Amino acid sequence: MTIRKGAEMMMIDMHVHSSYSDGTCTPAQIALLSRRHGLFLVALTDHDTTSGLLPFSKACADEGIHGLCGIELSAEAPYTLHILGYRIAPGSPRLEERLDYIRRCRGARNLKICEKLRRLGVDVTVEEAEEISGREVVARPHIARLLVDRGYVSTVGEAFTKYLARGAAAYVSRERLSAEECISLINGAGGLAVLAHPYQTCLDDEGLRALIKRLKDAGLWGIEAIYGSNSPDVTYGHLKLAKKFGLFATAGSDFHGGNKAGVELGVPVSDDLLPWARLGIR
């Protein structure tokens, strides 16, 4: 598919997770699904790892899909604050060093979560969660699936509500990088940094504007204005914010396969939404 002028519609997805982090589809399956759904572009944005990017890029080339190498980093804040990175170069030494540190912090957190669960009478271990993950990133969704498999809860959602969500019985906070460091790491790896799902910050208008100004000063490139679960009013507001601050609007579903029920791959957008050349797409 080539880019055509005239604001025609196309399907893309710039926020997708694979089995290399907390999704259930392999990179090859994501590429295949993208072709079947008629996507022009799909970005793999796994949490805290670039390990899936090489097989993802190869699978996208095999399927004739534009595949964009990405990542998602969690930033330190008293609210949900995630930074997406696009067009990154896997193997960037500084980025990989910090990703290794983040994963080690995740491991320490997982141990504490399982200790809390056992004190609550929920007999699970990190090793069992690692078996479910099968990869280097073990996250709360893997523990949630373990709780479902062991019959302690009926659904992944119930596992989060009862045990794993912020404020729940077995919740443990974890070490995070500052938003400024997340942006610096992404930019240093040749990437473009984007504020993920701004609505999930739960900030009021003034607070969100202040955050975006701060992040732009640190090198932010875009805002994920078009997000699968946003209402039209929220999407419109975020598109206006992107324009106000001179940032690019991006679009993603936050697809996790079976780990996020009801979220389908692909988001319809106008073909003039993005500067495709900056993303390496001609």
ask   = Only one residue in V122, V153 is surrounded by 17 or more Cβ atoms within 10 Å (Cβ to Cβ), in contact (Cβ under 8 Å) with a residue 24 or more places away in the chain and assigned to a loop (DSSP other than H, G, I, E, B), so which one is that?
value = V122
message = Can you confirm whether D100 is out of contact with any strand residue (DSSP E or B) (no Cβ under 6 Å at 6 or more places or on another chain), of a type in the set (D, E, K, R) and surrounded by 17 or more Cβ atoms within 10 Å (Cβ to Cβ)?
response = no
request  = Return yes when L185 is surrounded by 13 or more Cβ atoms within 10 Å (Cβ to Cβ), farther than 18 Å from D48 by Cβ and either out of contact with any Phe, Trp or Tyr (no Cβ under 8 Å at 6 or more places or on another chain) or of a type in the set (G, A, S) (or both) and no when it is not.
outcome  = no
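Being more than 30 Å from A89 (Cα to Cα), at pLDDT below 95 and not polar (S, T, N, Q) is true for just one of R174, R166. Which residue is that?
None of the other options fit; the residue is R166.
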key: Of residues in segment 10-65 being of a type in the set (F, W, Y) and not in a helix (DSSP H, G or I), the one least open to solvent (accessible area, probe 1.4 Å)   = F40
query = Can you tell which of R104, R94, R109 is at pLDDT 95 or above, under 21 Å from T50 (Cβ atoms) and either assigned to a helix (DSSP H, G or I) or among the hydrophobic types (A, V, I, L, M, F, W, C) (or both)?
reply = R94
key: In segment 164-180, the residues that are open to solvent by less than 20 Å² (accessible area, probe 1.4 Å) and in a helix (DSSP H, G or I)   = L164, A179
remark   = Within segment 125-150, of all residues that are assigned to a loop (DSSP other than H, G, I, E, B), charged (D, E, K, R) and within 19 Å of the chain's Cα centre (by Cα), the one surrounded by the most Cβ atoms within 10 Å (Cβ to Cβ) is R135
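Looking only at segment 220-232, which residues are small (G, A, S) and over 19 Å from the mean Cα position of the chain (by Cα)? Steps first, please.
So in segment 220-232, the residues small (G, A, S) come out as 222, 225, 228-229, 231.
S231 - this is the single residue of segment 220-232 that is small (G, A, S) and over 19 Å from the mean Cα position of the chain (by Cα).
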task = Sort out which residues of segment 68-94 are surrounded by 24 or more Cβ atoms within 10 Å (Cβ to Cβ) and of a type in the set (G, A, S), and write them in order of number.
result = G70, G85
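The values are calculated or read from the model by the stated rules, or taken from the named source; none is laboratory data. Not measured: the values here are computed from a predicted model. Note that each Cβ is placed from the backbone with ideal geometry, even for glycine, and that neighbours are counted across all protein chains shown. We work out accessible area using only protein heavy atoms, side chains counted, and drop any ligands, DNA or RNA first. Shrake-Rupley method; radii C 1.70, N 1.55, O 1.52, S 1.80 Å.
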